[in-house]
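Worksheet for the structure shown next.
The values are calculated or read from the model by the stated rules, or taken from the named source; none is laboratory data. Everything numeric here is computed off the predicted structure, so don't read it as measured data. We place every Cβ from the backbone using ideal geometry, glycine too, and count neighbours over all the protein chains shown.
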Amino acid sequence: MKYRTRVHYTEEQKSLMWDRWQEGDNELPDLYRSTLHRLHQRLVELREDIGAITREVEQLVTQGTEY
């Protein structure tokens, strides 16, 4: 079972969320979560790209040593 990673909010974010919560706005934490989700997706994409580049470099090095 995969657990969600914990979100650590700054004091400023906590204060803003508390103020907005008291005013009746319950959607603010979801905005932060969606931003973190997009960031996580981009990091996964970059890691996949780095893996592909690493494999290509390894192939080129291997081919170069055969000469």
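Tabulated values for the structure
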{"read-out": "Lone unmet requirement of (1) modelled with pLDDT under 85; (2) surrounded by fewer than 10 Cβ atoms within 10 Å (Cβ to Cβ); (3) not polar (S, T, N, Q) for residue 61", "value": "(1)"}
{"read-out": "Residue that is modelled with the highest pLDDT, among those in the range 1-17 that are surrounded by 10 or more Cβ atoms within 10 Å (Cβ to Cβ) and either touching a Lys or Arg at 6+ places or on another chain (Cβ under 9 Å) or assigned to a loop (DSSP other than H, G, I, E, B) (or both)", "value": "9"}
{"read-out": "Options 38, 20, 42: the member that is at pLDDT 75 or above, outside any loop (DSSP other than H, G, I, E, B) and in contact with a helix residue (DSSP H, G or I) (Cβ under 6 Å, 6 or more places away or on another chain)", "value": "20"}
